[in-house]
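The values are calculated or read from the model by the stated rules, or taken from the named source; none is laboratory data. These figures come from a predicted structure and were not determined experimentally. Cβ: placed from backbone, ideal geometry, glycine included. Neighbour counts: every protein chain shown.
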Amino acid sequence: MALRQKKPLDLTPYKVPVHIAIIMDGNGRWARRRGLPRIAGHRAGAENLRRIINACVEFEVQILTIYAFSTENWGRPESEVRGLMKIFARVLDQELDDLHKQGVCLHHLGDLTGIDPTLQEKVRNALKLTKNNTRLILNVAFNYGGRAEILHAMRKMLADNISPDELTEEMVSSYLFTRGLPDPDLVIRTSGELRISNFLIWQAAYAEYYPTPAYWPDFGREELYEAIIAFNQRHRRFGLVAEDS
Ligand code: FPP
């Protein structure tokens with residue numbers, strides 16, 4: 001069988017966002033459109049994640065944050081939650097060695113308590129194995145919610161006896177799960193939804209937002225390239241005025 005040639009995509013004239021965050025949405029609709037069960041959409045989503053990680057390495061993105069499972073996702077039918085947990089475990093079993101060889105450093109954003117102990121163990125092993133890798137930081141938001149993250153940070157700051165006059169934005173950032181990492185430059189949401197859905201609500205305050213109608217399993221390397229080009233057409237002002245105004 002002939003291998004499909006990868007289309008050359010040149011980003012030389014462009015600025016590549018240092019940190020890209022993705023709300024991987026539309027797996028269920030992707031499956032329904034094909035008359036398949038929702039879990040088939042999640043499986044296709046997991047395969048696509050591999051393509052996007054490869055593309056991030058190719059495009060020299062330094063940090064990729066993905067919304068894998070929100071604190072609200074526990075409310076889905078039990079069979080779907082179980083299916084998703086199986087996919088996460090299988091991806092760790094099957095992909096970890098390759099990710100490690102590729103230089104991917106895994107971080108977890110969220111709360112592991114309440115997760116099946118075997119899966120917790122797999123996640124901890126993956127974090128430990130990849131902790132010194134530097135090619136791409138892959139933050140996996142898993143059992144994650146933005147408000148819960150801020151609440152968790154507030155509790156820790158109180159426990160550390162931080163006084164009100166010591167408190168700064170930088171300090172709050174240093175108590176979040178993303179501590180030490182720059183904020184996302186670009187937040188992509190697939191499937192045409194226009195919501196932030198409790199994702200990185202502190203960190204994405206000044207991120208550029210890129211909604212795309214593509215369902216997550218269809219959002220590939222070329223679509224990521226388009227998103228980076230679109231990012232280059234934005235004028236980031238961080239609350240200031242445009243230079244030419
Ligand atoms: C949203 O689609 C997707 C999710 C809630 C789960 C994301 C999980 C994956 C992409 C699987 C792979 C991830 C890892 C970390 C291995 P949806 O179900 O909300 O789609 P819908 O809005 O069309 O119903």
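Answer yes if at least one residue in the stretch 91-112 is among the β-branched types (Val, Ile, Thr), at pLDDT 95 or above, over 30 Å from Pro213 (Cβ atoms) and part of a helix (DSSP H, G or I), and no otherwise.
From the stretch 91-112, those among the β-branched types (Val, Ile, Thr) are 91, 104; that's our starting set.
From the residues that got through so far, the ones that are at pLDDT 95 or above too are 91, 104.
Keeping just the survivors that are over 30 Å from Pro213 (Cβ atoms) gives none.
No, the stretch 91-112 contains no residue that is among the β-branched types (Val, Ile, Thr), at pLDDT 95 or above, over 30 Å from Pro213 (Cβ atoms) and part of a helix (DSSP H, G or I).
Say whether the condition of being of a type in the set (Gly, Ala, Ser) and within 24 Å of Phe142 (Cα to Cα) is met by at least one residue in the stretch 157-171.
Narrowing the stretch 157-171 to residues of a type in the set (Gly, Ala, Ser): 159, 163.
After this cut, where a residue has to be within 24 Å of Phe142 (Cα to Cα) as well, the list is none.
For the stretch 157-171, residues of a type in the set (Gly, Ala, Ser) and within 24 Å of Phe142 (Cα to Cα): absent.
Cβ-Cβ below 6 Å, separation at least six or inter-chain, first residue in the stretch 24-49 and free of Cβ contacts under 8 Å to residues at least 40 places away in the same chain, second within 7 Å of the ligand (Cβ to nearest atom) and assigned to a helix (DSSP H, G or I): which pairs? Every condition considered, the pairs that remain are Gly28/Arg38; Gly28/Gly41; Ala31/Arg38; Ala31/Gly41. When the stretch 218-245 is filtered for residues that are at negative phi, part of a loop (DSSP other than H, G, I, E, B) and not small (Gly, Ala, Ser), the ones remaining, listed by number, are Phe219, Gln233, Arg234, His235, Arg236, Arg237, Leu240, Val241, Glu243, Asp244.
Looking at this structure, is Tyr210 touching a Leu at 6+ places or on another chain (Cβ under 7 Å) and of a type in the set (Phe, Trp, Tyr)? Answer is yes for this residue. Considering only the stretch 5-52, state which residues are within 18 Å of Tyr210 (Cα to Cα), β-branched (Val, Ile, Thr) and part of a helix (DSSP H, G or I). Across the stretch 5-52, the qualifying residue is only Ile52. Within the set Ile228, Ile201, the sole residue that is more than 15 Å from the ligand (Cβ to nearest atom), in contact (Cβ under 8 Å) with a residue 24 or more places away in the chain, more than 11 Å from Pro17 (Cα to Cα) and β-branched (Val, Ile, Thr) turns out to be Ile201. Checking each residue in the stretch 113-158 for being acidic (Asp, Glu) and over 17 Å from the mean Cα position of the chain (by Cα) picks out Asp116, Glu121.
Within the stretch 66-85, restricting attention to residues that are more than 9 Å from the ligand (Cβ to nearest atom) and surrounded by 15 or more Cβ atoms within 10 Å (Cβ to Cβ), the residue that is nearest to the chain's Cα centre (by Cα) is Thr71. Residue selection: Ile53 satisfies the criterion of being among the β-branched types (Val, Ile, Thr), closer than 18 Å to Leu224 by Cα and in contact (Cβ under 8 Å) with a residue 12 or more places away in the chain. One residue alone among Pro17, Pro13 is more than 20 Å from the chain's Cα centre (by Cα) and more than 10 Å from the ligand (Cβ to nearest atom), and that residue is Pro13.
Of all residues in the stretch 56-73, those being part of a helix (DSSP H, G or I) and either among the basic types (Lys, Arg) or touching a residue at least 40 places away in the same chain (Cβ under 8 Å) (or both) number 6. For the stretch 32-53, the set of residues classified as farther than 22 Å from Asp93 by Cα and more than 8 Å from the ligand (Cβ to nearest atom) consists of Arg33, Arg34, Gly35, Leu36, Pro37, listed by residue number.
Scan the stretch 54-65 and give yes if some residue there is among the β-branched types (Val, Ile, Thr), within 10 Å of the ligand (Cβ to nearest atom) and surrounded by 16 or more Cβ atoms within 10 Å (Cβ to Cβ), otherwise no.
Step one: filter the stretch 54-65 for residues among the β-branched types (Val, Ile, Thr), giving 57, 61, 63, 65.
Checking which are within 10 Å of the ligand (Cβ to nearest atom) leaves us with none.
The answer is no; no qualifying residue exists.
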